[in-house]
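One structure below.
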Amino acid sequence: MNTEKKTLLIADDAELNRILLRQIFEDDFNILEAEDGDQTIQILKEQSDKISLLFLDLVMPGKTGLEVLDFMDFQGYMETIPVIMITGEATAQTDEKAYEYGASDIIYKPFNARVIRRRTLNILELFENRFNLEKKLKKRTKELMESKEKLEKSNEFLVNALSSVVEFRSLESGEHIKRVKFFTRIFLTYLKKFYPEYDLSKEQIDLIVNASALHDIGKIAIPDSILLKPAKLTKDEFDEMKKHTIYGCEILERFKQEDSEFYRYCYDICRYHHERYDGNGYPDRKKGEEIPIWAQVVSIADVFDALISMRVYKTPYATDTAFQMILDGECGVFSPKIIDCFQMAKSVLFETSEKFSFADFNEIENSLDLPKR
């Protein structure tokens, strides 16, 4: 082990002890000395970045060794500077307190030169190995976070690109997906605050919002004659249109690389966003909490935006009319909790729906202040 250039601080009011320790280590280390607790603290303040280890006497004039440890603990020095207590007056209580502060070792006077040297070198080596390991872990963690951020950005780009294909083909405005994502985030934010039983984290909300962009991906497989028909669909045509929930899941299966939380959100939202709480939806006629909560949220977001938006088969409803239609059950039955969040979000929905400007949407989202009940 190369100990050249490392600095040891010897803090002891007894000059003889300082001389003995200096003689043991001065050939291989730079030595600093302190005669009391106050001087020790001052040196630590000025040179903590240079000190590799501290020999600390328990009983000294001014601040005691334990008080120096308390200072070091408060300042965070214990994480980088190992401390060996040197004492001839220790008790079980003082030993326990020293270890609680994070002292690496306690050596009792009179001490053996060879023993104290070996124990000191061992502690320095352990600290150096730990420091190197922590440095590698921090570097690896940073690399993983950067990789995760790049992957998330890449996934979001691909999701948005794929969902835009649906909008382009169905002649929608190009903003439906963005509005559904925005409304989904609003509803999830209220749900997280007022219904903690769903245990939604910020990370989960971000994933669900991104997954919501693929809710209509199955429309790619619907014939133009049905998808773009400017009139009411026949029963057979509507039955085919309803299959977009199944087609979408088949498309997702083809792109599936591995099971993941994000894939599960995409699949559930794609398949179940037309299910209804009373079991009268499609394709599987699920009901109640059989429908994943993220699919329930995207469902009401999708319905609300469909009502207030222009379609080839209809003109848009006024926002207040669309709002009341959903409350009256004209668009299917939603859970009481979802309806509760829908009502609480009314002012935000009305404000953003009237603007259709995503610069405004982003401003509102960033400053969203949820009301109290």
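Tabulated data for the structure shown
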quantity: Residues LEU69, LEU58, LEU252, sorted so that the one with the fewest Cβ neighbours within 10 Å comes first; calculated: LEU252, LEU58, LEU69
quantity: Neighbour-count ranking [beta-carbon atoms within 10 angstrom, fewest first] of PHE131, PHE262; calculated: PHE131, PHE262
quantity: Above-threshold pairs, the threshold being 25 Å between Cα atoms, out of LYS6/LYS45; LYS181/LYS314; LYS256/LYS287; LYS181/LYS243; calculated: LYS256/LYS287
quantity: Full-stretch length increase - ASP206, LEU126 - with 0.36 nm per residue and alpha-carbon distance subtracted; calculated: 24.7 nm
quantity: Spatially proximal lysines relative to LYS109 (Cα-Cα < 23 Å; intrachain offsets below 8 disregarded); calculated: LYS63, LYS97
quantity: Pairwise centroid distance, computed over Cα atoms, of the stretch 252-280 with the stretch 25-68, Å; calculated: 63
quantity: Radius of gyration and Dmax over the Cα atoms of the stretch 22-75, both given in Å; calculated: 11.3, 33
quantity: The stretch 170-366: C-alpha gyration tensor shape, a/c 1.5 cut-off, then a/b vs b/c; calculated: rounded
quantity: 18 Å Cα-Cα reach of LYS229 towards aspartates and glutamates, excluding residues that sit fewer than 8 places from it in its own chain; calculated: GLU167, GLU172, ASP216, GLU237, ASP239, GLU240
quantity: Mean Cβ count within 10 Å, highest first, over the residues of peptides 225-237, 281-293, 306-318; calculated: 281-293, 306-318, 225-237
quantity: Prolate/oblate/rounded label for the stretch 7-138 (Cα gyration tensor, a/c 1.5); calculated: rounded
quantity: Exposure proxy order (Cβ contacts within 10 Å, fewest to most) of VAL180, VAL297, VAL333, VAL303; calculated: VAL333, VAL303, VAL180, VAL297
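Values in this text are rule-based calculations from the coordinates and carry no lab data. Quick caveat: nothing in here was measured; it's all calculated off a predicted structure. For neighbour counting, all protein chains shown are included, and Cβ atoms are generated from backbone atoms with ideal geometry for every residue, glycine included.
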